[in-house]
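Undergrad: First the structure, which I've put down as structure tokens, then a few questions once you've had a look.
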Amino acid sequence: MPVCFIHGVNVRKDDPSYDRDVAARDELIRSLLLKRLAQRNPRYGGLKIINPYWGGLGVTHAWGQATVPNVSLLENLGAAQSYFQSDLEMTMLLKEQSGRASGLEPLGAVDPIAAAARRDVQALLEAVLAPLIYSEEPLIDRGPTPDAEAHGALEGMLLAAAQDIVADSAVVAEVQAAPSGDAALDLLRDHLDQRFTKRASLAGKPADAGASTNLEELGPSWLTGAKDRIQQLFDRAKSKAGRALSAGTLDAYRARLHAQIGRFLGDVFVYLQHRGDRASPGPIPKLVLNELHKARKSGEPLVLITHSMGGNILFDLLTTFDPALEVDAWISVGGQVGQFEEMKLFLASDRALGPPAKVKPFGGRVKTWLNVYDPVDVLSFLVAPVFESADPRFAIKDLKFKSGASTLEAHGAYLKRPSFYTLIGKELEQRV
């Protein structure tokens, strides 16, 4: 069996960052999750990762989203305003350190970066790398024949190297003792550069980067280009302490968010309307099941990771479309499975069942179900108040994850963060 990632709504292959994001996520799963589990149980070593793509079966808008209002208030936001998600995350982090209660006024003469380093090195480092985490810009400029998989794997190596840093208590202590925010960032940059270079130098070894990784496709100067981008990210973080997001930036971001919500809701409605039933599965459950069945290997564990609506699709698969499927671990991320069951929207939902009883959905076929939620993600819900395992040996557990993202961005802020894989790795290694 493989590791299978089932994506949520608003995912399309024509997004310029799609292939790169998949490769980066695969690299993080391999290097930060599977390696850790394989140390406890060799069955988890070398598992294939599959990514069934159902976004092409989602909603289409007949008028091309012409119904989204035009809310652009400024004609020219400038090059620096092309960053929305990462700017918002860094601004929130620095506002928290500056002690200001509200507003978008300049951050003042305090040194919020130094305070952020003392408080949470991991949060600071992920905020610096947020333009990569949110896929707002690539790690290196793509050449005339870009290899998206190699590019994404390289980003995954950099993000994994960032996790190496925060796991090293000596490095964390050194950064926290830095005399200024700039000095703390310089230390982080130097350590990141060293650890990233080490990981990248091992990229030709399948155990470290996957057999499909071919960094030579990125051109002869890919490492120099990546290091230049790292320097730019840290320089940008230093300048961020003296400025904050403008209202115009937020207004422009609101316009993009409006269009995304239209497709978000549309994908949900399309799935619910066309999912079919057990005798005649609809196109989306049929596609995902086919990919799973093709990847089956006897004796291998099955690990399922779902994001958002992907969890609702998987729940229908496990309870209706393939009720014999056995799962070693399911990690649902930013999901609505508990909420859908409360609304009795699943094909297997029993409308007569309610509190104090709980749903026992899998009959012991899912050994571990970890449901990860961010308290500020308004689209993530708990499962433990509604579900319980039919087998007391197996676990259904909610895990809190604080991404550091804003309420606007938290829903998409899990899967390229090294801290996410560390959280679920700690839980799973106790159960494999």
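The values are calculated or read from the model by the stated rules, or taken from the named source; none is laboratory data. Everything numeric in this text was worked out from a predicted model, so none of it was measured. Glycine also receives a Cβ, built like all others from the backbone with ideal geometry; neighbour counts cover every protein chain displayed. All accessible areas refer to the heavy atoms of the entire protein, side chains included, with ligands and DNA or RNA removed. Shrake-Rupley method; radii C 1.70, N 1.55, O 1.52, S 1.80 Å.
Undergrad: Give the ranking of Lys416, Lys294, Lys358, Lys286 by solvent-accessible surface, highest area first, calculated with a 1.4 Å probe.
TA: Lys294, Lys286, Lys358, Lys416
Undergrad: Okay, moving on. Please compute the Cα-Cα pair-distance distribution of the stretch 316-387 with 5 Å bins starting at 0, giving whole percents from short to long.
TA: For the stretch 316-387, the pair-distance distribution reads 3, 16, 24, 27, 21, 8, 1, 0.
Undergrad: Do any trypsin sites (Lys or Arg not before Pro) in the stretch 1-60 lie in a loop, going by DSSP, with at most 16 other beta-carbon atoms within 10 Å of their beta carbon, and if so which?
TA: Arg12, Lys13, Lys48
Undergrad: Take every Cα-Cα distance within the stretch 390-432, group them into 10 Å bins from 0 onward, and report for each bin the whole-number percent of pairs it holds.
TA: Answer for the stretch 390-432: a P(r) of 23, 44, 24, 9 percent.
Undergrad: Let's test the formula: R0 of 56 Å, r as the Cβ-Cβ distance of Ala173 and Met343. What FRET efficiency results, to the nearest 0.05?
TA: 0.70
Undergrad: In percent, how large is the relative contact order of the stretch 8-59, given Cα pairs closer than 8 Å and 6 or more residues apart?
TA: Contact order relative to length: 43 percent.
Undergrad: For Asp190 and Thr60, calculate 0.36 nm times their separation in residues minus their Cα-Cα distance, and state this gained length in nm to one decimal.
TA: Gain in length upon complete extension: 42.2 nm.
Undergrad: Can you work out the Karplus-derived ³J(HN,Hα) for every residue in the stretch 24-30? Use 6.51 cos²θ - 1.76 cosθ + 1.60 with θ = phi - 60°, whole Hz, and x for glycine or proline.
TA: 5, 5, 4, 5, 5, 4, 5
Undergrad: State the extension gain, in nm to one decimal, for the chain segment bounded by Arg118 and Ala259, taking 0.36 nm per residue of separation less the distance between their alpha-carbons.
TA: Fully extending the segment from Arg118 to Ala259 adds 46.9 nm.
Undergrad: Multiply the residue separation of Lys198 and Ser406 by 0.36 nm, subtract the distance between their alpha-carbon atoms, and state the gained length in nm to one decimal.
TA: So the chain would gain 71.6 nm between Lys198 and Ser406.
Undergrad: Net charge within 11 Å of Ser221 by Cβ-Cβ distance, Lys/Arg positive one each and Asp/Glu negative one each, not counting Ser221 itself?
TA: Its environment carries a net charge of -1.
Undergrad: Follow-up question, since we're still on this one. List, in the order given, every pair from Lys286/Lys344; Lys227/Lys397; Lys286/Lys400; Lys360/Lys416 whose Cα-Cα distance in the structure shown is over 30 Å.
TA: The pairs that break the limit, which is 30 Å between Cα atoms, are Lys227/Lys397; Lys286/Lys400; Lys360/Lys416.
Undergrad: Something else: Sort largest first and round to whole Å: the equivalent ellipsoid semi-axes of the stretch 341-432, each the square root of five times a Cα gyration tensor eigenvalue.
TA: Each semi-axis is √(5λ); the values are 26, 19, 9 Å.
Undergrad: Still on this model: Once every Cα of the stretch 112-176 carries one equal point scatterer and solvent is ignored, give the base-10 log of I(q)/I(0) from the Debye formula at q = 0.23 Å⁻¹, two decimals.
TA: Evaluating at q = 0.23 Å⁻¹ gives log10 I(q)/I(0) of -0.95.
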